[in-house]
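Visitor: Below is a structure I'd like to ask you about.
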Amino acid sequence: MLILRDKTNSRWVHVIMNWYPDVYFGVFFFLFGTIIGSFLNVVISRLPSGISIVQPRSRCPNCLDPIRCYDNIPIVSWLLLRGRCRNCQSIIPIRYPIVEGVTGGIALALYYMWGISLTTIILFCFSAAMIAVFWIDIDHMIIPDVISVNGIVIGFIAAQLQVLPWITWKESGLGFLLGGGTLYVVAVTYQKLRGREGLGGGDIKLLAMIGAFTGPYGVMFVLFLASLLGSVAAVIGMALRGFESTTPIPFGPFLAGSAVLFLFVGEEIVRAFYEISSFGW
């Protein structure tokens, strides 16, 4: 903290000087998050197609013109270009600045929750993976194993190293088993009753990964909220878009979004629920 002589004897001087470092680091984490968000856009567009996420350099998918460095500034470039390619004027999806802004916001929020720590880094990586899964499943109806399977291992190791302070390695393992096992039973039961696939293996592995990071209570929170949101989306789709009961709706985005939400409010909600339940008994 910078120390200055307080000639006014005002307590606000001390408050502001203590506040400055948080602002500086907060801005840094947000900007860093937007840069990672820009990279996530590459992952989202290339990973499902098996294209390298490193080479070739970013280019317009329509005219294949390489994107100039000054046209690749997160959020800002999209606004300055008004959402169009400089060369061919094709539309740049609004998803790009959304992903960059959301990733930056999550990085900022994690910093204010956990400070500069390994916990912040691990949870940011987890959140980035959830953002990628969210959009890939919407676009392609798949969840790449390279994200979920590697995520299971990372989550378990992080819990064992006590980087995830709310769960032990045993709870991480239980979350993994509960998450994957629950959806596996649901998928098998649905297929036997209806004669067709209702849940893909990607959803099963994704919830197993989420369980490895959040533990059994996290799995229950995520599964409940994702199922609720998915049901609401299905009803709205049938009412407004003419969806039928057999219309496939990706479940991954609801799982991924609920998992990120759990990082910030899930533990408090679960605790409040059990306090209310205990009071009722």
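The values are calculated or read from the model by the stated rules, or taken from the named source; none is laboratory data. Note that the structure is predicted; figures quoted are calculated from it, not measured. With ideal geometry, Cβ positions are generated from the backbone for all residues, glycine too; neighbour counts draw on all protein chains shown.
Visitor: Please state which one of 199, 161, 225, 177 is under 19 Å from the mean Cα position of the chain (by Cα) and not β-branched (Val, Ile, Thr).
Guide: 225 is the lone residue from the list that is under 19 Å from the mean Cα position of the chain (by Cα) and not β-branched (Val, Ile, Thr).
Visitor: Given the options 177, 199, 193, 183, name the one that is modelled with pLDDT of 95 or more and either more than 22 Å from residue 33 (Cβ to Cβ) or among the polar types (S, T, N, Q) (or both).
Guide: It is 177.
Visitor: Report, by residue number, each residue of the stretch 97-108 that is surrounded by 21 or more Cβ atoms within 10 Å (Cβ to Cβ) and either aliphatic (A, V, I, L, M) or over 11 Å from the mean Cα position of the chain (by Cα) (or both).
Guide: 97, 99, 100, 104, 106, 107
Visitor: Would you mind stating whether residue 182 is within 14 Å of residue 260 (Cα to Cα), in contact with a Leu (Cβ under 7 Å, 6 or more places away or on another chain) and polar (S, T, N, Q)?
Guide: Here the answer is no, as residue 182 does not meet what is asked.
Visitor: Just to check your reading of the model, which residue among 139, 71 is among the charged types (D, E, K, R), surrounded by fewer than 23 Cβ atoms within 10 Å (Cβ to Cβ), closer than 20 Å to residue 252 by Cα and in contact with a helix residue (DSSP H, G or I) (Cβ under 9 Å, 6 or more places away or on another chain)?
Guide: 139
Visitor: Can you go through 9, 87 and tell me which one is surrounded by 12 or more Cβ atoms within 10 Å (Cβ to Cβ), polar (S, T, N, Q) and either at pLDDT 85 or above or not in a helix (DSSP H, G or I) (or both)?
Guide: 87
Visitor: Can you confirm whether residue 186 is assigned to a helix (DSSP H, G or I) and β-branched (Val, Ile, Thr)?
Guide: yes
Visitor: Scan (1) under 16 Å from the mean Cα position of the chain (by Cα); (2) crowded, with 23+ Cβ neighbours inside 10 Å for the single condition residue 144 breaks and write down its number.
Guide: All conditions pass for residue 144, except number (2).
Visitor: Checking residue 52 against (1) modelled with pLDDT under 90; (2) under 14 Å from residue 98 (Cα atoms); (3) among the polar types (S, T, N, Q), which test does it fail?
Guide: (2)
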